Amino acid sequence: MRLLVVEDDARTARLLVSDLADLGHDSVVAPDGRAALLQATADQFDAVLLDVMLPHVDGIGVARALRDRGVSVPIVMLTALGDLDQRLVGLDAGADDYLVKPAAPVEIEARIKAIQRRTARANDGGVMRAGDIEVNEVKHRAVRNGRVLTLPKLEFQMLCELIRNKNSVVTRQMFYRTVWDYDFEPATNIVESYIRRVRAQLCANGEADPITTIRGVGYMIVDQG
Amino acid sequence: MSFRPRSLRAIMLLYVSVIVVVLLAVRGANYVIVHDALNREVDRRLAQEAQEVIGEPRAGSVATMAARIAAKRHAHESADLLFLLQDRTGRRVAGNLDLGTLPPAGYSDFGDSADVDGVTHGRALVRRVAEGATLVIASDNDVVAAFDARLFKAQLVGLIIAVLLFAGGAGAIVWEVSRRLRAMQTTVDAVMAGNLSSRVPVDGSRNEFDRQASAFNAMLDRIDALMANVRHAARDVAHELKSPLARLHTRVAALERHAAATPLHAESAAILAETDQVLEIFASLMRLWEIEGGHRRSRFAPVDVAQVAHTVGETLLPVAEDAGDAFSVTTAGPAMLSGDVHLLRQMVVNLVENAIRHTPGGTRIALSVQRVGTTLEIAVTDDGPGIPAEAHETVILRFGRLDIASDRPGQGLGLTLVDAIARLHGGSLRLEDAAPGLRAVVALPIEP
């Protein structure tokens, strides 16, 4: 992916760029809000990583200006901890997601991919597939290889998240955000407990486990098809 | 026993009382002195007139006295006096005074009842004179009495005005001082409650109260700045540490992935778990600072705590089951209050997680929400090993984890966060002995 990193602190920007390069992404750095606006409108990026505290125009202003100009690039806000209001204002201003600094590069990558999925999947009627698994979000129905799965609400939502983001990792934080609407990380292994139940349903007839665990990051469903 | 007034009001009351007593004494004495002087002057004149009628040294016969009286009645300086001279049989010999009955010898006052023409306040001097006769001289004191009455009224009005001025002044001083002290007390209370930005109102008059308020505010500014410094220093340190830690975490996670199926795998997995825990502590600390900052109060909205308990219960049931615990949720209808739904959710999650994590498998854990008077009580009760009563306060303190079994997970901030969230909502967390086990109760006021 080609990313625009908007960050006024040169050291943080350099580290972020190098971390993202390790994951195979090219980044361009904009040191302030004005430069970010120029770059983002003049050039094509797969996503913008936007720091909130910026000289000249702050991150929220940049997000709003980009959306006003019809630029629909995925925007992930990077905010300091303890500033929930800023996060909410950022989302209102047109950002697609927010992360608390310092965010792990895999988390950033996973968020960007999730945004791209959300925007790409416009008219699928709520039906998504990954291999032999099919879910209908609208009808709350999950089927594997013709067998209807009996998944309670939360487990079903987890499966939907995995399939929506198939072939890329869904992090624990993403599950907490989308399934539970938690803006904190619980101390117990809630995600693990639920994944175990989803797996039990998916593999009730001894089928192969479609969910891959990415240790320390999250889970992924790989669809070779 | 000595009485010393302590309150400003008591001091002022005592002060005004003393002033009133002193004023009453001074004004009273003033009146009595003038009143007596007037009366003495009247008596002196009556005595002098009598002496003139009787003659020197005490010689005059009845006939002589009658002649003198007749002469005086025509004299200008005696026009306001009335005379009567009776012989020993009680027959009038001379004079113009008509009295029903004679007053006793000496000075006496008479009024309307004496029925003397045109006199309502009179003073009479009765003297036995030669030949068994009786001389009566009376003066018309109406003018003196009117002056006396005016004098009394003037003293009374003066006294009332002075008392009102003193009492009003004292009241105004008490009111103003109390108002300023109340304003300061309100500020102190707010600061004690955690609102360090609260200040004593200053009206810009630069009077002593204003100067004191300004000095007090300057002290609060200083404390606030020092606190902010400490907070910022702690935050800076945390942020400085968190960036490298987050990068370390990324690298360790990558290492752990690459080390799969190598002899290094167990070690790298352990390092990853440790790094996770350090990052968790940081996240909890930052969260705590955010909550203690109090900014989230501005986003309070109506929340059904019973609903929160049910959704959290639903979420944590599989976790409790995986830990081998029996978990139940009891509520009694909707339980509304004004709060931050995200924080209340985290609070209930932390309470239940605390019970799951710090008890062995097979523990019974019950989450309940009930209304007790004007508060909502959110309680998590377990029948696990419990916590000794003397340690109840310690575990709520920051990092106050009970280190009975050091291999148990937890960084000791769970209950601190619960307490901070409870306090943000005007409530508190308390721990009780559930005999056996622990009961953690958060009491939140329904109207904060």
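The values are calculated or read from the model by the stated rules, or taken from the named source; none is laboratory data. Just so it is clear, the structure is predicted and the values come from calculations on it, not from any experiment. Heads up, the Cβs are rebuilt from the backbone with ideal geometry, glycines too, and the neighbour counts pull from every protein chain shown.
May I ask you to list the residues in region A:30-45 that are surrounded by 13 or more Cβ atoms within 10 Å (Cβ to Cβ) and in contact with a Lys or Arg (Cβ under 8 Å, 6 or more places away or on another chain)? Steps first, please.
The initial filter retains those residues of region A:30-45 that are surrounded by 13 or more Cβ atoms within 10 Å (Cβ to Cβ), namely A:30-37, A:39-41, A:45.
The answer is A:THR41, A:PHE45.
Filter region A:128-167 down to the residues that are part of a strand (DSSP E or B) and not aliphatic (A, V, I, L, M), then identify the one that is nearest to the chain's Cα centre (by Cα). Please lay out each step first, then the result.
Step one: list which residues in region A:128-167 are part of a strand (DSSP E or B), which gives A:128-130, A:133-136, A:141-144, A:147-149.
Filter again for not aliphatic (A, V, I, L, M), leaving A:129, A:134, A:136, A:141, A:144, A:147.
On the way: A:ARG129: 19, A:GLU134: 21, A:ASN136: 21, A:ARG141: 24, A:ARG144: 25, A:ARG147: 30 Å.
Restricting to residues being part of a strand (DSSP E or B) and not aliphatic (A, V, I, L, M), the top hit is A:ARG129.
Is at least one residue of region A:126-141 buried (at least 21 other Cβ atoms within 10 Å of the Cβ), within 14 Å of chain B (Cβ to nearest Cβ) and either among the charged types (D, E, K, R) or in contact (Cβ under 8 Å) with a residue 24 or more places away in the chain (or both)?
Looking for residues that are buried (at least 21 other Cβ atoms within 10 Å of the Cβ), within 14 Å of chain B (Cβ to nearest Cβ) and either among the charged types (D, E, K, R) or in contact (Cβ under 8 Å) with a residue 24 or more places away in the chain (or both), one finds none in region A:126-141, hence no.
Return the total of residues in region B:257-266 being assigned to a helix (DSSP H, G or I) and surrounded by 13 or more Cβ atoms within 10 Å (Cβ to Cβ).
To start, the set of residues in region B:257-266 that are assigned to a helix (DSSP H, G or I) comprises B:257-258, B:265-266.
Now restrict to residues that are surrounded by 13 or more Cβ atoms within 10 Å (Cβ to Cβ): B:257, B:265.
Summing the residues that are assigned to a helix (DSSP H, G or I) and surrounded by 13 or more Cβ atoms within 10 Å (Cβ to Cβ) in region B:257-266 gives 2.
With the condition kept exactly as written, say whether any residue in region B:86-93 is under 60 Å from the mean Cα position of the chain (by Cα) and among the hydroxyl-bearing types (Ser, Thr, Tyr). Give the derivation first.
Within region B:86-93, the subset under 60 Å from the mean Cα position of the chain (by Cα) is none.
Among the residues of region B:86-93, not one is under 60 Å from the mean Cα position of the chain (by Cα) and among the hydroxyl-bearing types (Ser, Thr, Tyr), which makes the answer no.
Please state which one of A:VAL28, A:VAL76, A:VAL5 is modelled with pLDDT of 90 or more, touching a helix residue (DSSP H, G or I) at 6+ places or on another chain (Cβ under 8 Å) and closer than 20 Å to B:PRO244 by Cα. Show your work before the answer.
On the way: A:VAL28 fails: closer than 20 Å to B:PRO244 by Cα; A:VAL76 fails: closer than 20 Å to B:PRO244 by Cα.
Checking each option against the conditions leaves just A:VAL5.
Please report, ordered by residue number, the helices (runs of 4 or more DSSP H) entirely within region A:41-120 with at least 2 residues that are farther than 27 Å from A:ARG215 by Cβ and within 14 Å of chain B (Cβ to nearest Cβ).
On the way: elements: A:59-68, A:84-93, A:105-120.
Once the helices (runs of 4 or more DSSP H) in region A:41-120 are filtered for at least 2 residues that are farther than 27 Å from A:ARG215 by Cβ and within 14 Å of chain B (Cβ to nearest Cβ), what remains is A:84-93.
Taking B:ARG180 as the residue in question, decide whether it is surrounded by 11 or more Cβ atoms within 10 Å (Cβ to Cβ) and over 28 Å from B:LEU13 (Cα atoms).
Details: surrounded by 11 or more Cβ atoms within 10 Å (Cβ to Cβ): yes; over 28 Å from B:LEU13 (Cα atoms): no.
Criteria not met by B:ARG180.
Just the residues that are out of contact with any Asp or Glu (no Cβ under 7 Å at 6 or more places or on another chain) and either in a loop (DSSP other than H, G, I, E, B) or modelled with pLDDT of 85 or more (or both), please, taken from region B:72-86.
Scanning region B:72-86 gives B:ALA75, B:ALA79, B:LEU82, B:PHE83, B:LEU84, B:LEU85, B:GLN86.
Which of the numbered conditions does B:SER78 fail, given that it passes all the others? Conditions: (1) within 19 Å of B:VAL143 (Cβ to Cβ); (2) loosely packed, with under 14 Cβ neighbours inside 10 Å; (3) among the small types (Gly, Ala, Ser).
For B:SER78, the exception is condition (2).
Could you look through region B:350-402, keep only residues that are of a type in the set (Gly, Ala, Ser) and part of a loop (DSSP other than H, G, I, E, B), and pick out the one that is nearest to the other protein chains (Cβ to nearest Cβ)? Steps first, please.
Taking region B:350-402 and keeping what is of a type in the set (Gly, Ala, Ser), we get B:355, B:361-362, B:366, B:368, B:373, B:379, B:384, B:386, B:389, B:391, B:400.
Narrowing the set further to residues that are part of a loop (DSSP other than H, G, I, E, B) leaves B:361-362, B:373, B:384, B:386, B:400.
On the way: B:GLY361: 13, B:GLY362: 17, B:GLY373: 31, B:GLY384: 15, B:GLY386: 20, B:GLY400: 16 Å.
Among them, the one singled out is B:GLY361.
Mind checking which residues of region B:104-144 are at pLDDT below 85, aliphatic (A, V, I, L, M) and closer than 15 Å to B:VAL42 by Cβ?
Within region B:104-144, B:VAL119, B:VAL143, B:VAL144 qualify.
Return only the number of the condition from (1) more than 8 Å from chain A (Cβ to nearest Cβ); (2) closer than 15 Å to B:ALA420 by Cα that B:GLU274 does not satisfy.
Of everything listed in (1) more than 8 Å from chain A (Cβ to nearest Cβ); (2) closer than 15 Å to B:ALA420 by Cα, B:GLU274 misses just condition (2).
Please enumerate the residues belonging to region B:340-365 that are in contact with a strand residue (DSSP E or B) (Cβ under 9 Å, 6 or more places away or on another chain) and over 15 Å from A:ASP183 (Cβ atoms).
Of everything in region B:340-365, those that are in contact with a strand residue (DSSP E or B) (Cβ under 9 Å, 6 or more places away or on another chain) and over 15 Å from A:ASP183 (Cβ atoms) turn out to be B:LEU351, B:VAL352, B:ASN354, B:ALA355, B:ILE356, B:HIS358, B:THR359, B:GLY362, B:THR363, B:ARG364, B:ILE365.
Looking for whichever is within 11 Å of chain B (Cβ to nearest Cβ), farther than 29 Å from A:VAL73 by Cβ and surrounded by fewer than 20 Cβ atoms within 10 Å (Cβ to Cβ) here; the options are A:PRO152, A:PRO186. Which one fits? Outline the logic, then answer.
On the way: A:PRO186 fails: surrounded by fewer than 20 Cβ atoms within 10 Å (Cβ to Cβ).
Only one candidate qualifies: A:PRO152.
Is there any pair with a first residue in region B:310-321 that is more than 8 Å from chain A (Cβ to nearest Cβ) and a second that is part of a helix (DSSP H, G or I) whose Cβ atoms are under 6 Å apart and which are 6 or more apart or on different chains, and what are they?
Here the result reads B:VAL312/B:VAL348; B:VAL312/B:VAL349; B:ALA320/B:ILE356, each pair linking region B:310-321 to a residue that is part of a helix (DSSP H, G or I).
Can you report the number of residues in region B:400-426 which are touching a Pro at 6+ places or on another chain (Cβ under 9 Å) and either at pLDDT 90 or above or under 21 Å from B:THR363 (Cα atoms) (or both)? Explain how you work it out, then say what you get.
Going through region B:400-426, the residues touching a Pro at 6+ places or on another chain (Cβ under 9 Å) turn out to be B:402, B:404, B:425-426.
Within this subset, residues satisfying the condition of being either at pLDDT 90 or above or under 21 Å from B:THR363 (Cα atoms) (or both) are B:402, B:404, B:425.
Total meeting the criteria: 3.
If I filter region B:221-241 for residues that are without any contact (Cβ under 8 Å) to a residue 12 or more places away in the chain and at the interface with chain A (Cβ under 10 Å from one of its Cβ atoms), do I get at least one hit?
The answer is yes, given that some residue of region B:221-241 is without any contact (Cβ under 8 Å) to a residue 12 or more places away in the chain and at the interface with chain A (Cβ under 10 Å from one of its Cβ atoms).
What number of residues within region A:79-96 are at pLDDT 85 or above and farther than 18 Å from A:GLY61 by Cβ?
Count: 0.
Starting from residues that are more than 11 Å from chain B (Cβ to nearest Cβ) and of a type outside the set (A, V, I, L, M, F, W, C), keep the ones in region A:155-170 and report whichever is surrounded by the fewest Cβ atoms within 10 Å (Cβ to Cβ).
Step one: of region A:155-170, the residues more than 11 Å from chain B (Cβ to nearest Cβ) are A:156-170.
Restricting the remaining residues to those that are of a type outside the set (A, V, I, L, M, F, W, C) gives A:157, A:161, A:164-168.
On the way: A:GLN157: 20, A:GLU161: 20, A:ARG164: 20, A:ASN165: 25, A:LYS166: 19, A:ASN167: 12, A:SER168: 19.
Filtering first and then ranking leaves A:ASN167.
Within region B:304-335, can you find the residues that are in a strand (DSSP E or B) and either of a type in the set (Ser, Thr, Tyr) or surrounded by 20 or more Cβ atoms within 10 Å (Cβ to Cβ) (or both)? I'd like the intermediate steps shown before the answer.
Taking region B:304-335 and keeping what is in a strand (DSSP E or B), we get B:304, B:326-331.
Listed by number, the residues that qualify are B:PHE327, B:SER328, B:VAL329, B:THR330, B:THR331.
Scanning region B:292-303 for residues that are facing chain A (nearest Cβ under 9 Å) and of a type outside the set (Gly, Ala, Ser), which turns out surrounded by the most Cβ atoms within 10 Å (Cβ to Cβ)?
Going through region B:292-303, the residues facing chain A (nearest Cβ under 9 Å) turn out to be B:293, B:295-296, B:298-299.
Narrowing the set further to residues that are of a type outside the set (Gly, Ala, Ser) leaves B:295-296, B:299.
Details: B:HIS295: 14, B:ARG296: 19, B:ARG299: 14.
It comes out as B:ARG296.
Restricting attention to region A:191-221, and to residues there that are under 19 Å from the mean Cα position of the chain (by Cα), at the interface with chain B (Cβ under 7 Å from one of its Cβ atoms) and free of Cβ contacts under 8 Å to residues at least 60 places away in the same chain, which single residue is surrounded by the most Cβ atoms within 10 Å (Cβ to Cβ)?
By that ranking, first place goes to A:GLY216.
Name the residue that is farthest from the other protein chains (Cβ to nearest Cβ), counting only residues in region A:1-16 that are crowded, with 19+ Cβ neighbours inside 10 Å and outside any loop (DSSP other than H, G, I, E, B).
By that ranking, first place goes to A:LEU4.
Taking B:LEU248 and the conditions (1) more than 30 Å from B:ASN195 (Cβ to Cβ); (2) more than 10 Å from every other protein chain (Cβ to nearest Cβ); (3) modelled with pLDDT of 85 or more, which numbered condition does it fall short on, given that it satisfies the others?
(3)
Which residues, taken from region A:168-208, are part of a loop (DSSP other than H, G, I, E, B) and more than 16 Å from A:LEU149 (Cβ to Cβ)? Let's see the steps before the verdict.
Initial filter on region A:168-208 (part of a loop (DSSP other than H, G, I, E, B)): A:168-169, A:181-189, A:203-208.
Selection gives A:SER168, A:VAL169, A:ASP181, A:TYR182, A:ASP183, A:PHE184, A:GLU185, A:PRO186, A:ALA187, A:THR188, A:ASN189.
Name the single residue that is farthest from B:GLU377 (Cα to Cα) among those in region B:322-334 being out of contact with any strand residue (DSSP E or B) (no Cβ under 7 Å at 6 or more places or on another chain) and more than 9 Å from chain A (Cβ to nearest Cβ).
Residues of region B:322-334 that are out of contact with any strand residue (DSSP E or B) (no Cβ under 7 Å at 6 or more places or on another chain), as a first pass: B:322-324, B:333.
From what is left, the residues that are more than 9 Å from chain A (Cβ to nearest Cβ) are B:324, B:333.
On the way: B:GLY324: 26, B:GLY333: 13 Å.
The qualifying residue farthest from B:GLU377 (Cα to Cα) is B:GLY324.
In region A:17-27, which residues are crowded, with 16+ Cβ neighbours inside 10 Å and in a strand (DSSP E or B)?
Step one: of region A:17-27, the residues crowded, with 16+ Cβ neighbours inside 10 Å are A:17, A:19-20, A:25, A:27.
Answer for region A:17-27, where residues must be crowded, with 16+ Cβ neighbours inside 10 Å and in a strand (DSSP E or B): just A:SER27.
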